[in-house]
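Remarks on the structure that follows.
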Amino acid sequence: MTGYIHSMESMGLVDGPGVRAVVFLQGCPLRCRYCHNPDTQCRGGRPVEDGTLVRRLLRFRSYFDRSGGGVTFSGGEPLAQPDFLLACLRRLKAEGVHTCLDTSGAGRGIYGEILDHTDLVLYDVKHHEPAGYKAVTGGDMAATLDFVEAVRRAGTPMWVRHVVVPGLTDSRAHLEGLRAYVDTLPHVERVELLPFHKLGAHKYEALERTDPLAGTPPMDRDLCRRLEREFFAPYTTTAEKGRAV
C-alpha cells in the first residue's frame, strides 16, 4: 500500500519512551494557529510502500531495542492516512516493535484496528471545549472526541500533550478547564505542557503564507514547567522522570 511521508527521524528522543524512529506522515485536516510544521498540512509528500518503509525503519532496530524505544508515527496527522498507517503498524507489531501514535485524533475511521496495533498514544489536546477548539484549529472537536472513545474501548495507554501559547492557552482559567477535561480522558499516564516556540516561523514565509502568531513571543519554558506541576500533579510525576533520563 502506498502512503505519503514528509520526513523521517532516526534518533527521536521526545516522541515516546526510549530512542525512537519517527515517521512524519504528510497531510492534516486542521490548521492550528501555532502549527510549527505547516509544510506537512497539504497534500503531497514522498510516496512510499508500507513494506519498504518498515524495512527502512527496522534498520534502526538496534538503537531503539537497547533503549526500550520503537517507532512513532507523527505528522501532519497520521490518522489522515488510516489505511497506510494500519498497514505499517501491522508489519511492525509482527516484528515485535513498540509502536506509538502521535495524534490530535482528527482522523477518519478504523480507529479500533489502528489502536489494536498501537502500544502508546501521544494525544495532542488542542482545547478542552468546542468553541475554543474551533478558534485554535479551525476544525470540529467531534472527530477527536470519537477518537478518545475509541481509546477508551481499546485500553491503549495515553500520554497527553498540550501546547501553551502566551495569550492563547496560558491563562489560569484555561488550564483549570484543561485539567478538568484531562480528568475525563481514559488511560492517561502522564501530561506534558509544551511551550510554544518560533522554530517553524520561517516555514510560513517559504510557503508564502501568513504566520497566524507572528507577533506572539515564545512561551517561557520555566513558567511552562511550573504550570505543568501546579495544574497536572500527579500526572506530571512520570513526565519529570522521563525528562531526567
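The residues of segment 185-200 that are surrounded by 14 or more Cβ atoms within 10 Å (Cβ to Cβ) and hydrophobic (A, V, I, L, M, F, W, C), listed by number, are LEU185, VAL188, VAL191, LEU193, LEU194, PHE196. Per the conditions (1) out of contact with any Phe, Trp or Tyr (no Cβ under 8 Å at 6 or more places or on another chain); (2) of a type in the set (S, T, N, Q); (3) within 20 Å of THR118 (Cβ to Cβ); (4) at pLDDT 95 or above, the sole criterion not satisfied by SER67 is (4).
Does segment 166-220 hold any residues that are assigned to a loop (DSSP other than H, G, I, E, B), in contact with an Asp or Glu (Cβ under 8 Å, 6 or more places away or on another chain) and in contact (Cβ under 8 Å) with a residue 60 or more places away in the chain, and which are they? Within segment 166-220, LEU207 is the sole residue that qualifies. Going through (1) over 28 Å from GLU189 (Cα atoms); (2) outside any strand (DSSP E or B); (3) under 16 Å from the mean Cα position of the chain (by Cα) one by one, ILE5 falls short only on (2). Checking each residue of segment 41-62 against the condition of being modelled with pLDDT of 95 or more, within 30 Å of TYR133 (Cα to Cα) and buried (at least 21 other Cβ atoms within 10 Å of the Cβ) gives no match. With respect to the conditions (1) within 17 Å of ALA143 (Cβ to Cβ); (2) surrounded by fewer than 16 Cβ atoms within 10 Å (Cβ to Cβ); (3) modelled with pLDDT under 95, GLY112 falls short on a single one, namely (3).
Yes/no per residue for (1) surrounded by 15 or more Cβ atoms within 10 Å (Cβ to Cβ); (2) farther than 28 Å from PRO38 by Cα:
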{"residue": "ASP183", "(1), (2)": "no, yes"}
{"residue": "LEU207", "(1), (2)": "no, no"}
{"residue": "ASP211", "(1), (2)": "yes, no"}
{"residue": "ALA233", "(1), (2)": "no, yes"}
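Filtered by the rule that a residue be more than 18 Å from VAL163 (Cβ to Cβ), free of Cβ contacts under 8 Å to residues at least 40 places away in the same chain and in a strand (DSSP E or B), segment 102-143 gives no residues.
Within segment 68-82, is even one residue more than 15 Å from PHE24 (Cα to Cα) and of a type in the set (A, V, I, L, M)? Within segment 68-82 (the criterion being more than 15 Å from PHE24 (Cα to Cα) and of a type in the set (A, V, I, L, M)), the answer is no, since none of the residues qualifies.
The values are calculated or read from the model by the stated rules, or taken from the named source; none is laboratory data. Everything quoted here is computed from the prediction, not taken from an experiment. When we count neighbours, we look across all protein chains shown, and the Cβ atoms used for this are built from the backbone with ideal geometry, even at glycine.
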